[in-house]
């Protein structure tokens, strides 16, 4: 996991931190409770958050495979939902939309970009042009795509 430099100085809530990993928020919370990941800091009102140093600590746990508590852990990426079903299953459905592209579109919407500019094929083309087919961390991708759309480079 690479922590984007834009997150330096940011405060991420627990669900956004889990999304950055990418990990289910419930699983992330269980790992925090077991001591694999560091506990979040708290605001004056008691709200949990992760700052840049804690994100770096989480990244080192992921890289080393050894939790803060000394427990050895292995992290696997989940298969997309449509890959879990066996071929020929009677519940076969069309593949789910690309969640990465959808997350980029959602991030751009939060920045005030309208739906007309966020067609999945357009986002895919912009990603390809910006990152030569690579899929960078979500925060980096949203920033780059939003910048391209707002600058009119699309």
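Read-outs: derived from the displayed coordinates by stated rules, not from any lab. Predicted model only: the values in this text are computed from it and were never measured. Heads up, the Cβs are rebuilt from the backbone with ideal geometry, glycines too, and the neighbour counts pull from every protein chain shown.
Summary table
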read-out	value
Efficiency of FRET from Cβ geometry, residue 41 and residue 128, R₀ 30 Å, rounded to 0.05	0.20
Convex hull projection area averaged over all views, region 5-64, Cα basis, nm²	4.1 nm²
Pairwise FRET efficiency - residue 15 versus residue 57, Cβ, R0 = 22 Å, nearest 0.05	0.75
Relative packing of peptides 109-117, 16-24 - highest average C-beta neighbours within 10 Å first	16-24, 109-117
